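Read the structure below first, then the notes.
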Amino acid sequence: MNIAITAPKRLYQEIGLALQERISTSEFKVGDRLPPERDIAEEMEVSRSVVREAIIMLELQQLVEVRKGSGVYVVSVPEVGQSQKLTNNRAGSDIGPFELLQARQVLESQIAGFAAQHVTKSDISKLRDALDTERKQLETGHGDYDGDEMFHLTIAEASQNSVLSDIVRDLWARRDESSMWRQLHIRITNMNYRTAWLEDHEQVLLALQKRDPKGAQEAMWQHLENVKQTLFELSDVDDPKFDGFLFR
C-alpha cells in the first residue's frame, strides 16, 4: 500500500525543506555559512521574509545556528525522515510570523474601520484601560503583551460582530502557541520599539473616538506595517548591525 507524503502547508516550509535537502546532500556541510538571505530569496524567487521564516524553522530543528555579527551556519545534518516528520506533526501547521502579521494587517485594519461605526463609550473606556496596561508594562520593563492583546481584541469586540471577534481571538491564540513566533522574539532586551507601537495604538484610538472609519483603518494598517518592518529589521542576520537579540 502506497502512503502519500503530505506536502508542506506553508511557503516557508517549502523553502526550509529545500535548504534542508541541500544540507542532506552535502551541498552545505556542517560548519558552512549559508548564502546571504537576499541571494537565497532571489534564487528561490520568494520574499526575504519567507526565507527569514525558513531559517527560523531550521534553527528550531537545530540544523543551523545564527551567530552574532557573522551569519547562519550549518551545525548538524537532518535525520532520515525529518522532513516527513515536519509535515505530520504539530510543527507542520505552525504559521510563519511574517505571514501571520500580514494576515492580521489585512483583517484587523478592515475590522478597525468597521468598529469605528459601532464603537461605544464602554469600548472606548476598555481601550484606554488597555493602553494604560501597556504603559505600565513598558515602564516596569514587563515582557508580557497583555495590554497589546487586550487593545486589539477590544477593537474586534467593538465591531459588535462575534464572528470578527472570534477570528481576531483565533489569530492571537495561534500567535501565542507558535514556536516560530517565540523564536523570533527570543532574548529581546530593548523595548524602545514597543513605545513606538503604543504611539500607533493611540492614533488608532483617536480615530475610533472620532468615529472615523477610514482613519481607523489606515491607522491600524500602518501600525501593523510598522510591526512587520521593525521585527524584520531587528532579525536581519545579514545586517552588520545585527546583534543576535532575536535568536539564541
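The values are calculated or read from the model by the stated rules, or taken from the named source; none is laboratory data. It should be emphasised that the depicted structure is a prediction, and the values quoted were computed from it without experimental measurement. Here the Cβ positions follow ideal geometry from the backbone for every residue, glycine too, while neighbour counts run over all protein chains shown.
Somewhere in region 177-196, is a residue modelled with pLDDT under 90, exposed (fewer than 15 other Cβ atoms within 10 Å of the Cβ), within 18 Å of the chain's Cα centre (by Cα) and on the phi > 0 side of the Ramachandran plot? Yes, region 177-196 contains at least one residue that is modelled with pLDDT under 90, exposed (fewer than 15 other Cβ atoms within 10 Å of the Cβ), within 18 Å of the chain's Cα centre (by Cα) and on the phi > 0 side of the Ramachandran plot. In region 166-177 there is no residue matching the filter, namely being in contact (Cβ under 8 Å) with a residue 40 or more places away in the chain and small (Gly, Ala, Ser).
If the condition is being in a helix (DSSP H, G or I) and surrounded by 17 or more Cβ atoms within 10 Å (Cβ to Cβ), then region 111-125 contributes Ile111, Ala112, Gly113, Phe114, Ala115, Asp123.
The listed residues are Ala112, Ala103, Ala130, Ala116, and the only one of them that is touching a Leu at 6+ places or on another chain (Cβ under 6 Å) and in the same structural domain as Leu224 (by TED's automatic domain parsing) turns out to be Ala116. Restricting the search to region 34-64, which residues are of a type in the set (Asp, Glu) and crowded, with 18+ Cβ neighbours inside 10 Å? Once the filter is applied, which keeps residues that are of a type in the set (Asp, Glu) and crowded, with 18+ Cβ neighbours inside 10 Å, region 34-64 yields Glu37, Glu53, Glu59. Between Asp144, Asp148, Asp129, the distinction of being under 15 Å from His223 (Cβ atoms) and acidic (Asp, Glu) belongs to Asp148 only. At least 3 residues being among the β-branched types (Val, Ile, Thr) and modelled with pLDDT of 90 or more is the threshold, and among the helices (runs of 4 or more DSSP H) wholly inside region 1-84 those reaching it are 48-60.
Residue under question is Asp144, and the condition is that it be in the same structural domain as Leu224 (by TED's automatic domain parsing), closer than 21 Å to Asn192 by Cβ and assigned to a loop (DSSP other than H, G, I, E, B); does it hold?
Taking the combined requirement at face value, the residue satisfies it.
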